[in-house]
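The values are calculated or read from the model by the stated rules, or taken from the named source; none is laboratory data. As the structure is a computational prediction, the values presented were derived from the model and not from experiment. Glycine gets a Cβ as well: all are built from the backbone with ideal geometry, and neighbour counts include every protein chain shown. Accessible surface areas use protein heavy atoms only, side chains included; no ligands, DNA or RNA. Shrake-Rupley method; radii C 1.70, N 1.55, O 1.52, S 1.80 Å.
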Amino acid sequence: MTLNELNPKNRRAADILIANDRGGYTVPSAKLYPFQWNWDSALVALGFSIFDPDRAWQEVESLLSAQWDNGMVPHIIFWKVEKSYFPGPDQWGTADIAHNPPTSGITQPPVAATVIQRLLAEDVDDIDATRDRAAKLLPKLDRWHQWFLDARDPDGLGIVAIMHPWESGRDNLPDWDRPLSFIDTTGVGTYHRRDTDIVNEDERPKNNDYDHYMALVKFGRDCNWDTATISRDCPFWVAEPGMNAILRRAERDLIAMAKLLGMDDIATRAASRLARLDTGFEKLWSDDVGGYVTLDLRRDEYATGLTSGSWLALFAGHVEPKRAGKMATTLSHWLTQVDRGVPSFDPNHELFDSIRYWRGPVWAMVNWMIATGLIEHGETDLAERIRADTEALIEQSDYREYFCPVTGRGGGGSDFSWTASMSLYWASRPTGDVINSPVLTPTTPEQEAK
Ligand code: GLC
């Protein structure tokens, strides 16, 4: 579809992506986030794929071009000098490790493989060219996924840890409160936050949270982001369902692509990693809470609430029907507590905060992943409710960073890239994740086994 063929609503979403395009990479939001962010970028490629597949490929290519020698793909790539964002390259101190340009020192959820699988499936004009493009990226995905196990699961538990809340992509989730409370912040010093110059304070993490974030950045910088030191000594070492679910999904999609492209070594390695991750994921199930929850690996302590990341278990792969049904029932109950879903944190929990970032608000791209998982488990009505809620929130409050689940008010940045991207991509595929592609074979566990 060309730009001119889009209806006015989709055209407006496309125009946001075009306006946030900085030439080969897209910023999440012009003022608030003026660089390339990892999972934003991957998800933004889906939107571009609707009207400019070449530009979609460029987005994931530029992201993966910033891969470190050890395999990590960083969470921010500082392509340009830009003083309006904090913490910038000096705080991360990665100049000796990252190749030009500087980057942050942590990663983000590896949704890129899942996105690339869709580009491969859907960019069908010149199938050979499409396959060549994907084939160049697969070794990078393979090394990144391997890094997760080596660096973030060195003890072979089958669950990867995060060393910083920002690594989860869900910065100030209540799950981090207790693990963060054990961190000494005395060495942090004074600094000037830039985010609250742009966005209302009541929508952003609190200053006390920021001190803890900066203490962890200092920890990483002081050990030169050495993964062995981090896994052994980092005071924040937590496994959470969102990151682990997205990684499992990514491995599944990588296997499908590697098989299709005849890259057998990659398929074999990814399958062995996936087996370890599928088994390990069950450690995140809590009978007390009734779902997959965050586990503080330093204290062997489970979080007390479900989050939007809990539902991503359905996106990760097959959940046996009884458990999937129970999850759908709990999620439906959540939706009776709010006007529009899916809230990022349990609306019945005392720490729920409907407007403060990841402590309650709805995020369009998480909704898309949850709905995709629901469809794959036959929960099509619930998936449709979530799609319709997302559309209604955007209709009411425009393409904001996130939305209050109670009032529908938009929060954070405006003209936000991944909100526009998801809206555009989802509108073009209203029934969700159904891909009728001549390029790709489906990837349910049953089909993989055959
Ligand atoms: C915030 C979000 C994170 C996102 C970034 C850029 O830090 O929590 O998930 O990647 O903004 O949009």
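Do we find a residue being in contact (Cβ under 8 Å) with a residue 12 or more places away in the chain, in contact with a helix residue (DSSP H, G or I) (Cβ under 8 Å, 6 or more places away or on another chain), assigned to a helix (DSSP H, G or I) and of a type outside the set (Phe, Trp, Tyr) anywhere in region 289-299?
No - not one qualifying residue is present in region 289-299.
Consider only pairs whose beta carbons are under 7 Å apart and that are at least six residues apart or on different chains; among these, list those whose first residue lies in region 338-358 and is closer than 15 Å to residue 311 by Cβ and away from the ligand (no atom under 15 Å from the Cβ) and whose second residue is among the acidic types (Asp, Glu) and open to solvent by less than 30 Å² (accessible area, probe 1.4 Å).
Hits for this filter: 341/389.
Confirm whether residue 144 is surrounded by 20 or more Cβ atoms within 10 Å (Cβ to Cβ) and in contact with a helix residue (DSSP H, G or I) (Cβ under 6 Å, 6 or more places away or on another chain).
Here the answer is no, as residue 144 does not meet what is asked.
Just the residues that are closer than 19 Å to residue 233 by Cα, within 16 Å of the ligand (Cβ to nearest atom) and open to solvent by 10 Å² or more (accessible area, probe 1.4 Å), please, taken from region 147-176.
The one that is closer than 19 Å to residue 233 by Cα, within 16 Å of the ligand (Cβ to nearest atom) and open to solvent by 10 Å² or more (accessible area, probe 1.4 Å): 166.
Would it be correct to say that residue 321 is of a type outside the set (D, E, K, R) and touching a His at 6+ places or on another chain (Cβ under 9 Å)?
Spelling it out, residue 321 is indeed of a type outside the set (D, E, K, R) and touching a His at 6+ places or on another chain (Cβ under 9 Å).
Any idea how many residues of region 384-408 are in contact (Cβ under 8 Å) with a residue 40 or more places away in the chain and either touching a strand residue (DSSP E or B) at 6+ places or on another chain (Cβ under 7 Å) or within 16 Å of the ligand (Cβ to nearest atom) (or both)?
Residues that pass the stated criteria total 7.
Please go through (1) part of a helix (DSSP H, G or I); (2) over 29 Å from residue 230 (Cα atoms) for residue 352 and return the number of the only condition it doesn't satisfy.
(1)
Give the residue that is least open to solvent (accessible area, probe 1.4 Å), with candidates limited to residues of region 66-93 that are modelled with pLDDT of 95 or more and of a type in the set (S, T, N, Q).
Selected residue: 67.
Given the condition part of a loop (DSSP other than H, G, I, E, B), open to solvent by less than 50 Å² (accessible area, probe 1.4 Å) and either aliphatic (A, V, I, L, M) or touching a Gly at 6+ places or on another chain (Cβ under 9 Å) (or both), answer yes or no: does some residue in region 186-198 qualify?
Yes; the residues of region 186-198 include at least one that is part of a loop (DSSP other than H, G, I, E, B), open to solvent by less than 50 Å² (accessible area, probe 1.4 Å) and either aliphatic (A, V, I, L, M) or touching a Gly at 6+ places or on another chain (Cβ under 9 Å) (or both).
Going residue by residue through region 321-332, is there one that turns out to be open to solvent by less than 30 Å² (accessible area, probe 1.4 Å), assigned to a loop (DSSP other than H, G, I, E, B) and modelled with pLDDT of 95 or more?
Within region 321-332, none of the residues are open to solvent by less than 30 Å² (accessible area, probe 1.4 Å), assigned to a loop (DSSP other than H, G, I, E, B) and modelled with pLDDT of 95 or more.
Condition check ((1) open to solvent by 10 Å² or more (accessible area, probe 1.4 Å); (2) over 19 Å from the mean Cα position of the chain (by Cα); (3) free of Cβ contacts under 8 Å to residues at least 24 places away in the same chain; (4) within 16 Å of the ligand (Cβ to nearest atom)) across all residues:
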position	(1), (2), (3), (4)
8	yes, yes, yes, no
18	yes, yes, yes, no
22	yes, yes, no, yes
36	no, no, no, yes
47	no, no, no, yes
64	no, no, no, no
